[in-house]
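Data block below; observations after.
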Amino acid sequence: MNLKTIMPQLKPKASDKKSAAALPKVALALDIGTRYTKLLVGKYSIDNPSITQILIAETPRHAYTDGLVTDDGKLSILLNQLVSQMKLQTKDLIFTIESTKFIKREFVLPKVQNDGDIQGLATYEMVQYLPIDIAEYTIAPQVIGAVAENDEEKIRVSVCAIPKNIIQAYQRLLTICDLKPFSMEIHSNSVEKIILHDIKHNTKSAYANKSVVFIDMGHTYFNVSFYDNGHYQFNQVLEVGGAGLNDVISKYLPLDASTAEAVKIEVLNQISVEDLDTKYGNLLPSYEAHSNYESLLIELLKVINQWVSYVDKVLSYMSRSRDKNIDKIYIYGGSSQINGIAAYLEKKLAIKTAPAKALGSCNYANDTIKRSIMSVYGNALGAFLRL
């Protein structure tokens, strides 16, 4: 995404006219989340990029909410500590963000060649159809296909309206940390780059000529994104996530947020979701739990079934609106590591589902990086890649 448009005060490392070779060979990718902040360091080459370091830390409480940096003081201290710990020789940065505050719409526009014309048409359409003050948003259009309408060739454009206060808050944070951003991505675009990179460099790519869905199962929201032969088509951010499980645990086992997170990981590693469903999936309304712990397990299953219901509605809309069947679902993010969650989603949604695997066209400095690269750092990896 062009930083001249998104963050005009911060100049990219290379102008649009320069080749990809002029961009940094080593860069840091940043993905700030409500629960965790993830950093990835990579060395870039077109055919075989290398991921050399990864690091994750808890995001300070109340410092980041739904894409917005709310306490740049706390976050700058954290980022400076992490960058220092990594002993980096570069301050060149790519960052990726997502928010329920982003407004996303799709329009059919006249076919034009100039990016500036697409920008203008997309902005006009957003003003016409949405009750927003356009001056408070940055408009980021993306061409996602071609259509014929009344014998005229047109283009389908996905348009994202990003609140300027989100971008400005990032700008302040990165300036404080003396980091030099040259690229920004939205999470769904980051995943598109992963898929396209695999299709381009892997002759046996599982994504080629397939319609697939990626679900980022995060702490405060799920991001459900649909891709056809690698190209982004649609996404929906759902306000559900792993935090819902933490809330249940805090209710039945009075615990603070950090302890609830640790208990969630322990409990849902020991018991698979399928086992929970077998035992508690068809309880009669009159059933009374035998213990507080059993009540907890029943409520955890209810939260996960709520996730399934929300995701199912989005997938049904995707299939109808695109007139395409979904070949496979790939899951990543913190909640994708719950024991048995992929098999449970496959059973409930009746669509093949699997954890997203490490990108085969990348090198990884060690097995630890390779094992966690998609489940934890997937958005950062996609932001780092260049096509």
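Entry note: the stretch 103-163 has Rg to Rh equal to 0.98, where both radii use alpha-carbon atoms and Rh is the Kirkwood radius.
Measuring r between the beta carbons of Asn229 and Ser291 and using R0 = 51 Å, the FRET efficiency lands at 0.50.
Stokes-Einstein diffusion for the stretch 347-387 at 10 °C, viscosity 1.306 mPa s, with a Kirkwood radius from C-alpha pairs, works out to 136 µm²/s. Tilt of helix 115-129 relative to the longest C-alpha principal axis of the chain, in degrees (0 to 90, nearest 10)? The angle comes out near 50 degrees. Its residue count N sets the reference 2.2 N^0.38 Å, and the alpha-carbon radius of gyration of the stretch 140-195 equals 1.62 times that reference. Between Leu283, Leu315, Leu245, the residue with the greatest mean-square fluctuation in the GNM of the chain (Cα pairs under 10 Å linked by springs) is Leu283. Beyond 20 Å, what share of the Cα-Cα pairs of the stretch 243-354 is found? Please give it as a whole percent. Roughly 45 percent, rounded to a whole number.
For the stretch 161-232 versus the stretch 267-334, the spacing of their alpha-carbon centroids is 26 Å. Applying the criteria of a DSSP loop state and at most 10 other Cβ atoms within 10 Å to the chymotrypsin sites (Phe, Trp or Tyr not before Pro) of the stretch 120-158 yields no site.
How do Lys324, Lys74 rank when sorted from fewest to most other Cβ atoms within 10 Å of their own Cβ? List each step's numbers first, then the result.
Values: Lys324 13, Lys74 16.
With the fewest neighbours first, Lys324, Lys74 line up as Lys324, Lys74.
Using the Cα coordinates of the stretch 325-375, the gyration tensor eigenvalues translate into equivalent-ellipsoid semi-axes of 24, 13, 6 Å, sorted from longest to shortest. For the chain, adding -39500 (n - 2.57) for each run of n ≥ 4 DSSP H residues and dividing by the number of residues yields -12000 deg cm²/dmol at 222 nm. Only one of (1) 1.00; (2) 0.94; (3) 0.97 was calculated from the structure for Rg/Rh (Cα atoms, Kirkwood Rh), and its label is (3). Sorting Thr123, Thr100, Thr37 from the fewest to the most surrounding beta carbons within 10 angstrom yields Thr100, Thr123, Thr37. Structure remark: mean-square fluctuation, Gaussian network model of the chain, C-alpha springs under 10 Å; the largest value among Pro110, Pro24, Pro355 belongs to Pro110.
For the chain, what proportion of DSSP beta bridges, expressed in % and rounded to the nearest 5, is antiparallel? Write down the numbers at each step before the final one.
Details: 51 of 70 bridges.
Given both bridge residues lie in the chain, the antiparallel proportion sits at roughly 75 percent.
Here the mean projected area of the convex hull built on the C-alpha positions of the stretch 112-238 is 10.9 nm². As a proxy for reagent exposure, ranking Met86, Met318, Met184 by other Cβ atoms within 10 Å from fewest up yields Met86, Met318, Met184.
One decimal place: the segment Asp133-Gln119 gains 3.4 nm when fully extended, by the rule 0.36 nm per residue minus the C-alpha distance.
Coordinate-derived values only; no laboratory data. As the structure is a prediction and not an experimental result, all values here were calculated from the model. So basically every Cβ, Gly included, is an ideal-geometry build from the backbone, and we count neighbours across all protein chains shown.
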